[in-house]
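Engineer: Next up is a structure, given as structure tokens.
The values are calculated or read from the model by the stated rules, or taken from the named source; none is laboratory data. These numbers were taken from a predicted model, which means no experiment stands behind them. Note: ideal-geometry Cβ built from the backbone for every residue, glycine included; neighbour counts use all protein chains shown. Protein only, heavy atoms only, side chains kept; ligands, DNA and RNA dropped before computing areas. Shrake-Rupley method; radii C 1.70, N 1.55, O 1.52, S 1.80 Å.
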Amino acid sequence: MNPRLGVNIDHVATLRQARAGHEPEPAAAALMAQGAGADGITVHLRGDRRHIQERDLHILKEVLAVPLNVECAATAEALAAVNPVKPAWVTLVPESREELTTQGGLDAVFLQGMLRSILRELRAADIRTSLFLDPVLDQIKMAAKLEADAVELNTGLYADLPMTADPSAELSRLRDAARMASRLGLRVLAGHGLSLSNVGPVAAIPEVEELNIGHSIIGRAVLIGLERAVAEMRTAIAGSRA
Ligand code: PXP
């Protein structure tokens with residue numbers, strides 16, 4: 001069976017926030033993605049609210065038929081915003097203000113005390129939990145010990161390899177981590193930096209149940225949709241003097 005596709009729509013909100021206005025509406029994008037076959041919608045509520053806003057979470061939870069996965073930092077502030085929405089999934093990610101996007105996985109070994117209580121709180125709220133981790137076996141073992149429901153393997157290092165580099169070592173790390181996670185009873189997701197050109201080998205890892213992909217899909221949508229958007233504007237201009 002092929003892995004499910006979770007579509008991350010953060011960058012629809014990035015475009016909206018560029019004008020601090022109403023368009024494009026992330027919920028409209030989420031419904032289009034759902035209609036096109038997305039098995040889930042993912043958004044990242046960042047501490048600096050640079051793209052997704054709290055109102056987006058509430059609207060998405062209301063309108064989507066597929067599961068909503070909210071990524072957030074393991075902080076009290078983030079959880080206070082996310083918990084009341086009761087998304088199907090919460091994925092805990094590391095976060096720093098300076099980064100352009102998530103850099104690396106959580107250090108679950110170092111943060112185990114804090115993660116244990118946050119995971120307990122999420123479970124009590126009937127929210128399934130995932131930890132975004134680098135494909136490092138000690139991290140995977142800790143996720144199982146903390147009784148997370150799933151791990152999302154960070155494919156960022158694999159995706160960032162130069163075109164000329166041999167990806168086999170990074171792919172082996174991902175395969176080994178996926179195998180270990182599955183053996184420990186964790187569900188296995190993967191994501192970050194995946195695109196049309198590099199998704200194949202990750203999608204082929206048998207234990208990977210779901211891929212979370214955002215930037216490349218939204219970036220491609222801008223290009224694929226541009227001809228139609230220009231044609232629509234031409235029609236609107238032409239129609240104004242009819
Ligand atoms: N998974 C996680 C945990 C992420 O933080 C992100 C980026 O927000 C993604 C997947 C999607 O990555 P990309 O936008 O590069 O496809």
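Engineer: Only four residue types carry charge here, +1 at the Cβ of Lys and Arg and -1 at the Cβ of Asp and Glu. Report the dipole size of segment 104-242 about the Cα centre in Debye, rounded to the nearest 20.
Structural biologist: On the way: 15 positive and 17 negative charges, 62 e Å.
Dipole about the Cα centre, nearest 20: 300 debye.
Engineer: Of the peptides 86-92, 12-18, 205-211, how do they stack up when ordered by the mean number of other Cβ atoms within 10 Å, highest first?
Structural biologist: Values: 86-92: 23.1, 12-18: 17.9, 205-211: 20.1.
Per-residue Cβ counts within 10 Å, averaged per peptide and sorted highest first, yield 86-92, 205-211, 12-18.
Engineer: Tell me the Kirkwood hydrodynamic radius of segment 38-165 in angstroms, computed as one over the mean inverse distance between distinct C-alpha pairs.
Structural biologist: On the way: mean 1/r = 0.0660 Å⁻¹.
For segment 38-165, inverting the mean 1/r across all distinct Cα pairs yields 15.1 Å.
Engineer: Using the Kyte-Doolittle scale, find the helices of the chain whose mean hydropathy is at least -1.0 and whose Cα atoms extend 20 Å or more along the helix's long axis, counting only whole DSSP H runs.
Structural biologist: On the way: long enough: 168-183 (22 Å, -0.67); 215-239 (35 Å, 0.74).
Flagged H segments are 168-183, 215-239.
Engineer: Counting C-alpha atoms alone, how compact is segment 1-81: give Rg to one decimal and Dmax as a whole number, in angstrom.
Structural biologist: 12.6, 42
Engineer: Report, to the nearest whole %, how much of the accessible area of the chain belongs to carbon and sulfur atoms, 1.4 Å probe, protein only.
Structural biologist: Working: 7280 of 12790 Å².
C and S atoms contribute 57 percent here.
Engineer: Find the accessible area per residue for the chain; the probe is 1.4 Å, ligands and nucleic acids are left out, and the unit is Å².
Structural biologist: Working: 12790 Å² over 242 residues.
Using a 1.4 Å probe on heavy atoms only, each residue of the chain averages 53 Å².
Engineer: Using unit Cβ charges (K, R positive; D, E negative) and no other charged atoms, how large, in debye to the nearest 20, is the dipole of the chain about its Cα centre? Each step should come with its number before you reach the end.
Structural biologist: Numbers: 25 positive and 30 negative charges, 79 e Å.
That gives the chain a dipole magnitude of about 380 debye.
Engineer: Here is a follow-up. Subtract the Cα-Cα distance of Ala231 and Met114 from 0.36 nm times their separation in residues, and report this length gain in nm to one decimal.
Structural biologist: Numbers: separation 117, 0.36 × 117 = 42.12 nm, distance 5.27 nm.
Result for the pair: 36.8 nm of gain on full extension.
Engineer: Go from 0 up to the bin containing the longest alpha carbon distance in segment 51-114, width 10 Å each, and give me the % of pairs per bin.
Structural biologist: Per 10 Å bin, starting at 0, the Cα pair percentages come out as 18, 49, 28, 4.
Engineer: If you average 1/r across every pair of different Cα atoms in the chain and take the reciprocal, what Kirkwood value do you get, in Å? Before the final figure, lay out the partial values.
Structural biologist: Values: mean 1/r = 0.0535 Å⁻¹.
Value: 18.7 Å, from the Cα pair sum.
Engineer: Can I ask one more? What number results when the radius of gyration of segment 132-235, computed over Cα atoms, is divided by 2.2 N^0.38 Å? Mind showing how you got there, number by number?
Structural biologist: On the way: Rg = 17.0 Å, N = 104, 2.2 N^0.38 = 12.8 Å.
Relative to the 2.2 N^0.38 Å estimate, segment 132-235 comes out at 1.32.
Engineer: Check each of the trypsin sites (Lys or Arg not before Pro) in segment 69-137 and keep only those in coil by DSSP with at most 10 other C-beta atoms within 10 angstrom; list them in order. Could the numbers behind the result be given before it?
Structural biologist: Numbers: sites: Arg97, Arg116, Arg120, Arg123, Arg128; in loops: Arg97.
Loop-located and lightly packed - Arg97.
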